[in-house]
Number of protein chains: 2
Amino acid sequence: MIKRYRLGNPIKTYATVMDIPVEKETLPDWTIDKESKTLKRTLSKEAIVYGLGETLRGINKRGWTYRSFCSDDSQHMEDKKSLYAAQNFFIIDDEKPVGYYWDTPESVEFDIGCTDIDTFIIKHQELDVDIYVCIADTKKEIVKEFRKLIGLSFIPPKWAFGYGQSRWSYFTADEVRDLVAKYEEHDIPIDSVYLDIDYMDRYKDFTINEKDFPNFNDFVKEMKEKGVHLVPIIDAGVKVEEGYDVYEEGVKNGFFCKKEDGSNLVAAVWPGRAMFPDFLNEEARKWFGDKYKILLDAGIEGFWNDMNEPAIFYTEDHLKEVFEEIEKYKGKNLDIDSFFKFKGIVGDIDNNPEDFKRFFHEYEGKRIRHDKVHNLFGYNMTKSAGEAFKRLSPDKRILMFSRSSFIGMHRYGGIWTGDNKSWWSHLLLSIKQMPALNMCGFLYSGCDLGGFGADTTEDLMLRWLEAGIFNPLYRNHSAMGTRRQELYTFKRVEDFKNIVDLRYAFIPYIYSEFMKAALNGEMYFMPLSFEYSDDRSKETEDQLLVGESIMIAPVYEQNATGRFVYLPEDMKMVRFRSLDDYDEEELTKGDHYVKVGLNELVVFIRPGHVLPIGPKAKNVDDIDYSKIKYLTYKAEASDYELYNDDGLTRIQ
Amino acid sequence: MIKRYRLGNPIKTYATVMDIPVEKETLPDWTIDKESKTLKRTLSKEAIVYGLGETLRGINKRGWTYRSFCSDDSQHMEDKKSLYAAQNFFIIDDEKPVGYYWDTPESVEFDIGCTDIDTFIIKHQELDVDIYVCIADTKKEIVKEFRKLIGLSFIPPKWAFGYGQSRWSYFTADEVRDLVAKYEEHDIPIDSVYLDIDYMDRYKDFTINEKDFPNFNDFVKEMKEKGVHLVPIIDAGVKVEEGYDVYEEGVKNGFFCKKEDGSNLVAAVWPGRAMFPDFLNEEARKWFGDKYKILLDAGIEGFWNDMNEPAIFYTEDHLKEVFEEIEKYKGKNLDIDSFFKFKGIVGDIDNNPEDFKRFFHEYEGKRIRHDKVHNLFGYNMTKSAGEAFKRLSPDKRILMFSRSSFIGMHRYGGIWTGDNKSWWSHLLLSIKQMPALNMCGFLYSGCDLGGFGADTTEDLMLRWLEAGIFNPLYRNHSAMGTRRQELYTFKRVEDFKNIVDLRYAFIPYIYSEFMKAALNGEMYFMPLSFEYSDDRSKETEDQLLVGESIMIAPVYEQNATGRFVYLPEDMKMVRFRSLDDYDEEELTKGDHYVKVGLNELVVFIRPGHVLPIGPKAKNVDDIDYSKIKYLTYKAEASDYELYNDDGLTRIQ
């Protein structure tokens, strides 16, 4: 059951798809203080809070403050409050579980026992919000209720579950050809290669760098014949350049975000000066969405939308102020006070909060300052693409995932979790994030395997491929200036090949369970406590249930040759060294220290359940379903209902 | 046995105190490549590398590259290569353990299976180094050999083992008075309050801000009567200000670091323009050391030396270049290339590597560019103090610890591990760092409990006080702008009081074991593998042995109510809720999941061993040794040899 409570006069977000009447009573269980614009609620010592989608820290969100404000900040350290998303659904599991969806585009702070260890404090900028209260007997049922409220999740083509190789950037078509040849040579399966910003002509959306990617359409075809999909990036900012059609059309039609005086906001991203399409304006959204056709026509079947928080290097107006401000510090004795202010002038230039107040949207017939609806920007960029794909490719699914997100966007695309780093702590974080994303409807998601920023190491890359082996989005991506992460660059390539072969062997299960979750509005990744009610399951933060059959317990510490695993019931452990070389062992309920070599992968099959295992494959299309084996524990192979379809036909 | 091998012509560091002849043969087990200035050695799959003192990551250093270059970088993220120290001692534990001390002041990279997973690569700037090879049967013996080589560790006064409260900054004497009164009111023991930079008159070393700390000598006395020692900070940079005696004397005597043209280097730190005493110059060292007398005469008995990597906000020359460089970017379209360069001009202004090439030292009768001897700077600042204390306070110990360090400095002071953050991962890091510091002779050491940067939370503060309860330096310190961390500011003050009471109850044991380690050149904190040879002990990274009697296994995860503990042999677990409320339980060798509430502390007593427990005390002086109880496991109280002394008389 879902009830809707309203405070103030919230701006419509289109996060939900059901029309639920607003309750007349006030929201139960919370104390509302209009003056401080806060809501408070006591948490018992045992209460656990789940959810909030793409955020930092634990599965249990207690003990920190999270700010719902889509942020391009590549330093995902544990004291940060915001990542790229605003996903305001959470479950308080106290005496009985209750789900809450905080439907507002504004920046909200969720202080979950941080300031006061026993109190959940929600702090608004303005007290304008629709609060949906989801009530059911179990956390699983609460999520299901919520997912009905927000509509079915995006379903990508099946090839998008294959291994993807990415880098900022592959600079030429030949570099991509060489990469694909290397994967072929080492017999490592691959389904996609991602094109980061350098495939474009000077970072202009919907253009091709013809010099380095000549005859792009032929190149796309050539790659597809090798079973490889090219997936280009699309940025939110449009380069200011006379003669560039997207820019000129946008200006002509008034589709760009405007300043208070009505002139177009000039901000900067990769190409320098750029303008931002007003994705909140329906017409602009349609116009921009139609631009994807250029690439669809070239044979492209998938995209990733980036820089859509939006990321702003600077606004032209602020840059002028910066240079003026700098003048004041010239020739001075810069001391403790002035030196750090001086550094801050330049250090805080990008993604400056003040810049978000410099421009406006045309939304729902009104002019609204950006900061009031900031969290809807990336969502509506991806909605722009998703709506266009339905028009332009009504029958065939198109892959789409975004960096910034808001609940509602899950209907149009998945997400990747942004610019993580090659840190062991981020490997662990990537495990913890998955169930929270699933709760909020973001099923097709994953992190940059191996880590985007900083240098990876061979063991980290391998452990991460193992830890993420059930992630729907299975992409290895890394940043310019960091160590190369293509799997053939490492010493023990055979280990990497074995793990990616296993990924493909699991795809029948991954796809089957993903699709069931998508079609039934359920979770694909779950915390143990969503299935088991014992105290230990409640505090297990480094193991997950994946689909109906298995539990995973990845190794996430460097130099470890094993780890502790908690089994909430008897399970069968399967230890894979490769697709054909594995052992099965029954383990009893309780604690175990499990050895897991660097080249090994362990999976735990739940009693009464089945894990289908496909044969060796070169890519997703190549998976021969007639050769599937079934690993079982206290079950028959036939107990498992394997979902499959053509992987291409559009479902929603 | 220790052998010394020499490559090139190393600059003398005075890290060692034994004169060991240089071997004629070349260094065994390593391949030396003179062209690339690297040494290489294969590591077996099982090999573990210990040591390197104050560095990031694990007890086992494999899988990363560490750069020995004292750095003021407050972002201790896991991909950083350097912290504040250069402590080049490590043990390779392969078929048999071997210790190496890499005695050189230059920046050296230790690539321990990072670039190549099977290879240890040591990369020099210049191949000038004395390599000491320490050979013995066990890792413990190797450390003991090494510690003979480098001389006995600094011993602080006993009161320095009490609880210390710090903050950047307490701004007035009244603020300190109020703090001390609050600790008294809540009956929380305390021995010291740290004065950060604001006790000085405009950040001038050896001055007092008379307005906010009037009648300083009386104030010191007043606090001491309450059992509280004030511990002021001393910075490496001396403010440029006419009429300021330290500045004027330094200029007159030519004691400051000079540029190539012979003029004094003007760099900046807290006060803005400043000059750096040439601590490598013996005369300058003596001159600066004698300045501490001003504060000793005021009744001060302890100091912390800061900013001595050295930290440089900017050099005057570079700042001019910065402003000139900025001009070039005015009015330009700053794009992907130019924007980040522009940001970098200002972002990289502080601690800029080029600035370390702008000045020179007079060292051993030669003029040497700073970057060649950079790692000796902080060491010699602290040596300056340590040598002075022997002259000025020949009988009484003076507390001294430093941020920057180099082996050799351990004879003159301890260290704190610098500007950590209120991160759970830094709580864990602080556990892992302790044995490595001990190996390198740094016994009196500890981290900022609760975390210096970022906002702490009540649970993190409490868990950190518990995790660090055996740290010799037990100081709660936090940065300006972060949440207050004084223990009485939290909700459940009683829990904090109970834990600090326990700290004091452990001081008889802590001091006894610390002193034995200091006097015998042994370790106080040890990895399990230094005592137990089983495979599991080798990879246990989150438990430590403390002294001869106990093992600790702190909780370092938020919201956890327990943790896995590995017992390499049967042990007795003592679970303390307070000094008087505790249970004892015998646990068998193997794995256990141990519940540890937020307000609980568990300690594991090894068989045949004894843990003395003192009574409630207000401060270290107040500990009544006649009331010590002895917790035993398969032992008699009399089996424990309790070391004690007056805690004040100078020993070395």
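The values are calculated or read from the model by the stated rules, or taken from the named source; none is laboratory data. Note that the coordinates shown come from a computational prediction; the quantities given were computed from them, not determined experimentally. For neighbour counting, all protein chains shown are included, and Cβ atoms are generated from backbone atoms with ideal geometry for every residue, glycine included. Surface accessibility is based on the protein's heavy atoms, side chains included, excluding ligands, DNA and RNA. Shrake-Rupley method; radii C 1.70, N 1.55, O 1.52, S 1.80 Å.
Here is the tail figure for region A:72-165: Cα pairs spaced more than 18 Å apart come to 62 percent of all pairs.
Write down the Å³ per residue value for the convex hull defined by the alpha carbon atoms of region B:594-652. Don't skip to the end; give the middle numbers.
Numbers: hull volume 8.9 nm³, N = 59.
Looking at region B:594-652, the number lands at 151 Å³ per residue.
Measuring from a point 7 Å past the Cα of B:Asp583 along Cα-to-C-beta, which residues in region B:601-618 have an amide N at less than 13 Å? Correct set: B:601-602.
Can I get the semi-axes of chain B's equivalent ellipsoid? Compute them from the C-alpha gyration tensor as square roots of 5 times the eigenvalues, in angstrom, largest first.
Values: eigenvalues 276, 205, 116 Å².
Taking √(5λ) for each Cα gyration eigenvalue gives 37, 32, 24 Å.
Each peptide in B:179-186, A:418-425 was scored by the mean count of other Cβ atoms within 10 Å over its residues; highest first, the order is A:418-425, B:179-186. Highest mean packing comes first when the peptides A:321-330, B:10-19 are listed by Cβ atoms within 10 Å, giving B:10-19, A:321-330. Need the C-alpha centroid separation for region A:572-632 versus region A:459-506, integer Å. A separation of 18 Å, based on Cα centres.
For region B:37-85, what is the convex hull (Cα atoms) projected area averaged across all directions, in square nanometres? The partial results should precede the final answer.
Numbers: hull surface 16.1 nm².
Mean projected area for region B:37-85: 4.0 nm², to one decimal.
A point 7 Å from Cα along Cα→Cβ stands in for B:Glu636, and the other copies hold the same point at 7.1 nm, listed in rising order.
Which order do the peptides A:396-408, B:116-128 take when ranked by the mean count of other beta-carbon atoms within 10 Å per residue, highest first? Provide the component values of the computation, followed by the final result.
Values: A:396-408: 26.4, B:116-128: 18.5.
Taking the mean over residues of other Cβ atoms within 10 Å, the ranking is A:396-408, B:116-128.
Note on the protein assembly as shown: Kirkwood hydrodynamic radius from all Cα pairs is 32.7 Å, rounded to one decimal.
For the pairing of chain A with chain B, what total accessible surface becomes buried, with a 1.4 angstrom probe, in square angstrom to the nearest 100?
On the way: alone 24770 and 24740 Å², together 43320 Å².
Result for this pair: about 6200 Å² buried.
Computed over protein heavy atoms with a 1.4 Å probe, the accessible surface of region B:2-150 works out to 38 Å² per residue. Take the Cα of A:Asp261, step 7 Å along the line toward its Cβ, and report every residue of region A:271-315 whose backbone nitrogen sits under 16 Å from that point. Answer for this model: A:315.
Between B:Arg6 and B:Lys634, what FRET efficiency comes out of the Förster formula 1/(1 + (r/R0)^6) with R0 = 41 Å and r the beta carbon distance, rounded to 0.05? List each step's numbers first, then the result.
Numbers: r = 50 Å, r/R0 = 1.21.
Step by step, r from the Cβ atoms, then E = 0.25.
Considering region B:494-586 at the alpha-carbon level, its Rg and Dmax are found to be 14.5, 41 Å.
In terms of Cα atoms, the Rg and Dmax of region A:2-150 work out to 14.5, 43 Å.
In whole percent, how big is the carbon plus sulfur part of the accessible area of region B:269-332, probe 1.4 Å, protein atoms only? Don't skip to the end; give the middle numbers.
Values: 1000 of 2100 Å².
Percent of accessible area from carbon and sulfur atoms in region B:269-332: 48.
Modelled this way, with points 7 Å down the Cα-to-C-beta line, the labels at B:Glu184 and B:Leu648 are 2.1 nm from one another.
Within region B:510-639, the proportion of C-alpha pairs whose separation exceeds 26 Å stands at 23%.
Semi-axes, largest first, in whole Å: what does sqrt of 5 times each Cα gyration tensor eigenvalue give for region A:267-404?
Values: eigenvalues 289, 52, 26 Å².
Computed over region A:267-404, the values are 38, 16, 11 Å.
The base-10 log of I(q)/I(0) for region A:369-517, evaluated at q = 0.11, 0.13, 0.16, 0.20 Å⁻¹, reads -0.48, -0.66, -0.95, -1.25 [Debye formula, identical scatterers on Cα atoms, solvent excluded].
Once both labels are positioned 7 Å from their Cα atoms along Cα-to-Cβ, the gap between B:Phe171 and B:Ala298 label points is 1.9 nm. In terms of Cα atoms, the Rg and Dmax of region A:543-606 work out to 11.2, 31 Å.
Note down the Stokes-Einstein diffusion coefficient of region A:1-86 in µm²/s, whole number, using a Kirkwood radius over alpha carbon pairs, 4 °C, and 1.567 mPa s.
Working: Rh = 15.8 Å.
Calculated translational D: 82 µm²/s.
Averaged over the residues of peptide A:559-570, the number of Cβ atoms from other protein chains lying within 10 Å of each residue's Cβ is 3. Placing +1 on the Cβ of every Lys and Arg and -1 on the Cβ of every Asp and Glu, with no other charges, gives region B:2-150 a dipole of roughly 280 debye about its Cα centre. Summary for A:Pro353: label point 7 Å along Cα→Cβ; distances to the equivalent points in the other copies, ascending, 3.5 nm. In the context of the full set of protein chains, residues of region B:266-385 present 34 Å² of accessible surface per residue (probe radius 1.4 Å, heavy atoms only).
Region A:70-110 and region A:266-296 have Cα centres separated by 27 Å.
Just checking the output field for B:339-347: average partner chain Cβ neighbours within 10 Å of each residue's Cβ? The partial results should precede the final answer.
Numbers: counts 9, 2, 0, 6, 6, 1, 1, 9, 3.
Mean shielding by partner chains, rounded to a whole number: 4.
With equal scatterers on the alpha carbons only and no solvent term, can you work out the Debye log10 of I(q)/I(0) for region B:463-533 at 0.17, 0.22, 0.25 1/Å? Log10 I(q)/I(0), no solvent term: -0.78, -1.02, -1.16. With each label modelled as a point 7 angstrom along the Cα→C-beta vector, the B:Arg484-A:Asp317 pair spans 4.0 nm. Here is how far apart the B:Pro214 label points are across copies: 8.5 nm, shortest first, using a point 7 Å from Cα toward Cβ.
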